[in-house]
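A.B. asks: I have a structure here, written as structure tokens, and I will follow up with some questions on it.
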Amino acid sequence: MFLAIDTSSGTSVAIVDAQGVVHAERDSADTRRHAEVIGDFISGCLTDTELAVTDLTGVVAGMGPGPFTGLRVGIVAARAFAFGAGLPLHPVVTHDAIALGETGPVLIATDARRTELYWSTYRGTDDAGLPIRDDGPALAPAAELATHVPNFAHYSLREVPTVRAANLAKLAHLLSANSREFAGEEALYLRSPDVTLSAGPKRVTA
């Protein structure tokens, strides 16, 4: 039984078993209130299922791509919960979870703000039902997507406004059942945060 958390767009939390049955799910499309709702969503999912933390077998973290400010909230929450509960953390690429179940060539695109899109291309699924990624994740201006994606016309475009944590959990169960590698530990921000620390001390003038 996996608890999955994703904040690459809105905020989504779900509890899903190894057969892919969704036992609880909480979602918000709000891209500004990740930190305010994430704790309530986790608690609410556990309450809805009447599960104890000890009934869970792992925590799934959506690693993006996603904007820095929002994405890190979900990753930190997943890491903290996994550490506190003594559970393994399973990082997955969010676009891979969205592509789950797509049998033909598909281009997954999600909102990166600033009139840009995150994109990844997939040729379909393998014998285990896992998505086969051709390219990405990468970042491109929304108006110029066709010129940035290799062989753009080959793929069916799927612009996805929100992400379901339930799909992340289903992907993680498939990866685990087929002894496949999970994503890396690094978040897929794909660009620098909006606010950065200055390199040196601030100059003060009279």
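The values are calculated or read from the model by the stated rules, or taken from the named source; none is laboratory data. Every value quoted in this text rests on a predicted model; they were computed, and no experiment measured them. All Cβ positions, even for glycine, are placed from backbone atoms using ideal geometry, and neighbour counts span all protein chains on display.
A.B. asks: Any residue at all in region 44-65 that's in contact with a Lys or Arg (Cβ under 9 Å, 6 or more places away or on another chain), modelled with pLDDT under 95 and not hydrophobic (A, V, I, L, M, F, W, C)?
C.D. replies: no
A.B. asks: Among the residues of region 20-36, write down those that are under 17 Å from Ala166 (Cβ atoms) and touching a strand residue (DSSP E or B) at 6+ places or on another chain (Cβ under 8 Å).
C.D. replies: Matches in region 20-36: Val22, His23, Ala24, Glu25, Arg26, Asp27, Ser28.
A.B. asks: Can you find even one residue in region 71-85 that is within 22 Å of Ala166 (Cβ to Cβ), more than 20 Å from the chain's Cα centre (by Cα) and at pLDDT below 95?
C.D. replies: No: zero hits.
A.B. asks: Mind counting the residues in region 134-160 that are part of a loop (DSSP other than H, G, I, E, B) and in contact with a strand residue (DSSP E or B) (Cβ under 7 Å, 6 or more places away or on another chain)? Don't jump to the end; show me each part of the working.
C.D. replies: Going residue by residue through region 134-160, those that are part of a loop (DSSP other than H, G, I, E, B) are 149-151, 155.
Next cut, in contact with a strand residue (DSSP E or B) (Cβ under 7 Å, 6 or more places away or on another chain) only: 149-150, 155.
Total satisfying the criteria: 3.
A.B. asks: When the residues of region 14-35 are filtered to those that are small (Gly, Ala, Ser) and closer than 21 Å to Arg113 by Cα, which remaining residue is surrounded by the most Cβ atoms within 10 Å (Cβ to Cβ)?
C.D. replies: Within region 14-35, the match that is surrounded by the most Cβ atoms within 10 Å (Cβ to Cβ) is Ser28.
A.B. asks: Out of Ala4, Ala80, Ala52, I need the residue that is of a type outside the set (Asp, Glu) and in contact (Cβ under 8 Å) with a residue 12 or more places away in the chain. Which one?
C.D. replies: From the options Ala4, Ala80, Ala52, the qualifying one is Ala4.
A.B. asks: Also, quick follow-up: On the given criteria, is Ile38 under 20 Å from His173 (Cα atoms) and either surrounded by 16 or more Cβ atoms within 10 Å (Cβ to Cβ) or touching a His at 6+ places or on another chain (Cβ under 9 Å) (or both)?
C.D. replies: The answer is no for Ile38.
A.B. asks: Also, I was wondering about something else. Would you mention how many residues in region 24-66 are among the β-branched types (Val, Ile, Thr) and outside any helix (DSSP H, G or I)?
C.D. replies: 4
A.B. asks: Please go through region 103-119 and pick out each residue that is in contact (Cβ under 8 Å) with a residue 40 or more places away in the chain and crowded, with 18+ Cβ neighbours inside 10 Å.
C.D. replies: Across region 103-119, the qualifying residues are Val106, Leu107, Ile108, Ala109, Thr110, Asp111, Ala112, Leu117, Tyr118.
A.B. asks: Of the residues that sit in region 71-103 and are among the small types (Gly, Ala, Ser) and touching a Lys or Arg at 6+ places or on another chain (Cβ under 8 Å), which one is farthest from Ser156 (Cα to Cα)?
C.D. replies: Ala97
A.B. asks: Let me ask you something else. Pairs only if they're at least six apart or on different chains, beta carbon under 9 angstrom, first in region 146-172 and touching a residue at least 40 places away in the same chain (Cβ under 8 Å), second buried (at least 23 other Cβ atoms within 10 Å of the Cβ) and charged (D, E, K, R); list them, first residue then second.
C.D. replies: The qualifying pairs are Val163/Asp6; Arg164/Asp6; Ala165/Asp6; Asn167/Asp6; Leu168/Asp6; Leu168/Asp96; Leu171/Asp96.
A.B. asks: Look at region 133-167 and say how many of its residues are surrounded by 14 or more Cβ atoms within 10 Å (Cβ to Cβ) and either among the small types (Gly, Ala, Ser) or closer than 30 Å to Leu3 by Cβ (or both).
C.D. replies: The total comes to 15.
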